[in-house]
1. Part of a loop (DSSP other than H, G, I, E, B), at pLDDT below 85 and at positive phi - does that describe any residue in segment A:326-336?
2. What is the residue count in segment C:91-124 for residues that are more than 7 Å from every other protein chain (Cβ to nearest Cβ) and free of Cβ contacts under 8 Å to residues at least 60 places away in the same chain?
3. What is the residue count in segment B:258-281 for residues that are surrounded by fewer than 23 Cβ atoms within 10 Å (Cβ to Cβ) and more than 12 Å from chain A (Cβ to nearest Cβ)?
4. Going by what's in this entry, would A:Leu100 be described as aliphatic (A, V, I, L, M) and either surrounded by fewer than 24 Cβ atoms within 10 Å (Cβ to Cβ) or closer than 30 Å to B:Gly101 by Cβ (or both)?
5. Looking for something touching a strand residue (DSSP E or B) at 6+ places or on another chain (Cβ under 7 Å), within 14 Å of chain C (Cβ to nearest Cβ), in contact (Cβ under 8 Å) with a residue 40 or more places away in the chain and of a type outside the set (Ser, Thr, Tyr) - is there at least one such residue anywhere in segment B:145-154?
6. Only helices (runs of 4 or more DSSP H) wholly contained in segment B:48-153 count here; list those with 2 or more residues that are within 28 Å of A:Phe218 (Cβ to Cβ) and either touching a Phe, Trp or Tyr at 6+ places or on another chain (Cβ under 9 Å) or of a type outside the set (Lys, Arg) (or both).
7. Please find, among A:Ser14, A:Ser3, A:Ser62, A:Ser29, the residue that is over 28 Å from B:Leu116 (Cα atoms) and either at pLDDT 90 or above or not β-branched (Val, Ile, Thr) (or both).
8. Of the residues A:Gly330, A:Gly302, A:Gly334, only one is more than 14 Å from chain B (Cβ to nearest Cβ), touching a Phe, Trp or Tyr at 6+ places or on another chain (Cβ under 8 Å) and either surrounded by fewer than 24 Cβ atoms within 10 Å (Cβ to Cβ) or among the hydroxyl-bearing types (Ser, Thr, Tyr) (or both); which?
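The values are calculated or read from the model by the stated rules, or taken from the named source; none is laboratory data. This is a predicted model, so every value here is computed, not measured. For neighbour counting, all protein chains shown are included, and Cβ atoms are generated from backbone atoms with ideal geometry for every residue, glycine included.
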Amino acid sequence: MESVNYIHNIPFISIFLTMFGGIITPLLSKGKLAQKINFIIVCIVGILSAVLLVSVWKNEQSFTFMMGHFPAPWGNELRAGPLEALMALTFSFVMANTLLGGAKFVQKDILPEKQNLYFVMINLLFGSMLALIYTNDIFTAYVFLEINTIASCAIIMAKGTGESIAATLHYLIICLLGSGLFLIGISLLYSITGHLLMPNIQQSIIQLTKTGEYAFPFAVVIGMIIIGISIKSAVFPFHFMLASAHPAATPPSSSILSGLVLKSFIILNIKMFYCVFTIDLIRSLRITNVLFLFGLIGMVVGSVSALKETRIKHMLAYSSAAQIGYIYMGLGLGNHAGMVAACFHILAHAATKAMLFICAGGLMSVSQGSDSIHDLRGAAHRNLMAGIGFTVGGLSMVGVPLTAGFVSKLYFASATIYSPQKMVITLLTLAVSMILNAMYFIPSAIAIWTPVEKKEEYTKPSRKMEIGIGIFIVTNFFLGICYKPIIDMIELGIRLL
Amino acid sequence: MNKQNKKSKWQHFVDWVNGEEAIGMPKKISFKKIDFEKLQEDFEKYIWSGRKKAIFYMVMCVFVCLTFIGILLHTVTALPYFGGSNNPASNEVVQRYIENGVEETGATNIVAGMILDYRAFDTFGESNVLFLAVICVIMLLKKDKYNTTEQEQREEKEDEMFEKEDSNTILKRIANLLAPLLFLFGIYVVLNGHISPGGGFSGGAIIGAGFVLYASVNGQQKMQRFFTYKIFVRINVICLLTYCILKGYSFFTGANHLPNIIPKGTAGALLSGGLILPLNICVGMIVACTIYGFYALFTKGEI
Amino acid sequence: MTNLMTNHYEAAAVILFGIGFMNLLLSRNLIKKFIGLNIMDTAVYLFLAAKGFIEGRAAPIVMEGTTATVEKFINPVPSGLVLTGIVVSVSVTAFSLALVQRLYKHYGSLDLDEIMQKAKKEGH
Amino acid sequence: MLIENLLLLFLIVCAVLVSVTKRLLRAVIIFMAYSVVMSVVWIFLEAPDLAITEAAVGTGITSILFFLTLKKVHQIKGTHDE
């Protein structure tokens, strides 16, 4: 009997641990206990992912994990490499920090008797994101996509106000549109290739493209799947759902939604590019150009819409749409460097936007819950940590050196060298979008630091929130300064994908 | 006069820097109480003015969908033939499922063997979706201070009175006769899931339908005597946990090539199929509870 | 065209998918939107089930005392996928209908545009 | 062969009617009929597992959910949706 390789069990254990946590949470009657258990589980998953990352990085290898007694084309499989492990680590880190920083909001915004149910959602959402990262099977991806949809809708509506429920409905309809397209895409794909596991599909796709059979169905399938996932990740024409969903939700929900949920779909998209359809096929069908175009439009339109807002959460929501545009632009460049930059931007944006939403929540809570920038004047003096966090986050979004946002923009710009025909327009749009970012982040930063005389009653910000924001700030600078090893990891991860 | 109303460009700029104003949206925001009647009027005006826009949107939608159907139909013509035995889908995967399925899973219903043994991770996800949905419905519809008004509570009390007086004897007799039969049939479908068509989900749905019938005829108070919210949550959680642990064990042993101690039994007997029978029972219980839960929450807002 | 006649199940499924999709996009009434969603889902399941069917073969249930060979049975994989899919679509339907109920209670309307309009006004 | 085609045609007609009809109660009932026919079609496609599930779920549970919602939103007595 061979010895058990525990490192290889980590993906499976992390998914099942979060699911297990989600399932037992309804039995706990107290919200606080549920919160603690949830936090501990996320931390454990984070530590396990770190161990996995170190191991796969050292050995420069990726592996597949058999779910059950049957090998590849028959049973389900998980797959893990440096990219997956890095993403899982980031996700659990951001998740843990958001929960730490946003604990107060959950207690305040959600009815006490329903708080434990909120943590069921958080746990299952986290589990489904991990499953989307690790899965090696497209039908599993579909099932977990649906879990993700329902759970993310649930965390939006958890606040229970009419506005939040209307926003949830809007979000749900658009998400269901996306999953419908994805579902018909995978059924068509199954009928052509006869497989559901990614490596097997890839093999048969390579064979079929050689013989030239089913050329038209392939184009349709790829279109459906990529469009379906892109809709769910709020690419340009569908970014409107963000605008209503983020402001209506409680701050940790918006953080998770913008920082992690959308990213998990983008990672699925990258996996589809590399593990299912080959990147050459994608490029030859010019799918990358379409994504590139929508990414560029999204960058500009998102920023312009953000500029028109006077309410801070709406502004952040549109800014997320613009940042998703950056990521799709990176994917659309169609070269290795662009992909690396996009992956780094996923990390940078996950860390930054989660912090921004928590800080915005913190600033609002010391300004009598109003979210208009006018009312937030002087809020930074009342809640110092949130003010600093918001400023750092804003600078990172603009792309000031030493922050995470700068590195990703640098890599985007340098990635254009490998696709010269897109170079000018990319650089131009990057410059325009940076200026636009500065135009809406800097006034709001000035507004929150402007001192005001009037004394308002407000509660002191909690220690937990300050710690959470502090860790986020450190992370942001860490990503902005020590980016080299992370870029190496991503490069290795994409090569092994 | 004009000068007072119109701010200078510099003033605009200062306001913008102060965060009082945004580019392209110079109006001030006022916080008023919502006046629904006014909203209704506004909305009607909006619709009236937006008629043209709506028609344009409709035409565009129809156009997009027709193109969509056209593309898909064209795709269908290029797909492998319907009913052919040499389709790409009938490959080594199907061969192993059919030829070794009975031996490897112990279930004579190959579909059940496939979803609960070969591809069990998907099915685990599926049960979680159901669990998630019921938790969401509880979050939305279980009574709290946001979703009940006094008038509703009064109406409900009247309903309860009405229910007590209501004595539709024929309906009650027949429903009470039919409900046990439904339970029996549901249990049969669940228990025979691995040797005949059906399984946890369809059987559970039938049992759930039985509960719904019983509750809708006899009133929910009668159900509440033995089926409360606590019991509902406990059954759901415990069944799903059993599922999670059993499947976790099976995945763990399978992936690490450890020996599996669960006996397969003789194929075709009731006690066969290894884990499939207990899993089917768990799924059946979850589904039955969930469906009754949906019914109760949709009608009364409590279980 | 002859291909379309041989693949008539798939063609019907695709048309149904299109109609469901159109309903989901076009209909302003929420209930009809979600019926459209259900139609869309079942259309995909019909497509999958049709893809699993093989002429002259039986449902994949092995009778006692016989050996199973591929030539006897249809493809069981699509059936499994559809079973999973049906559960997912029921859950989604239940969730969305619960949302509709809450919204109706709050805004007194089933019209998506009207609800969004009112919600926007309320947010200001 | 003929009956299968007829059933498929029936499905399409049902789907179109759902989109066209004004009354919500009618739409739900048509959808119910659609589900029943769908489960019959699945019997023709040699998928009894699916047929049982669809009969129990599509016809039973989904319709119950729709009816309960209609009752809650006061649409059951047949008010028009516009």
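1. Taking every residue of segment A:326-336 in turn, at least one turns out to be part of a loop (DSSP other than H, G, I, E, B), at pLDDT below 85 and at positive phi.
2. Selection size over segment C:91-124: 3.
3. The qualifying residues number 12.
4. yes
5. No, the conditions are met nowhere in segment B:145-154.
6. Where helices (runs of 4 or more DSSP H) fall fully within segment B:48-153 and carry at least 2 residues being within 28 Å of A:Phe218 (Cβ to Cβ) and either touching a Phe, Trp or Tyr at 6+ places or on another chain (Cβ under 9 Å) or of a type outside the set (Lys, Arg) (or both), they are B:51-78, B:92-99, B:120-141.
7. Within the list A:Ser14, A:Ser3, A:Ser62, A:Ser29, the selection yields A:Ser29.
8. Only one candidate qualifies: A:Gly334.
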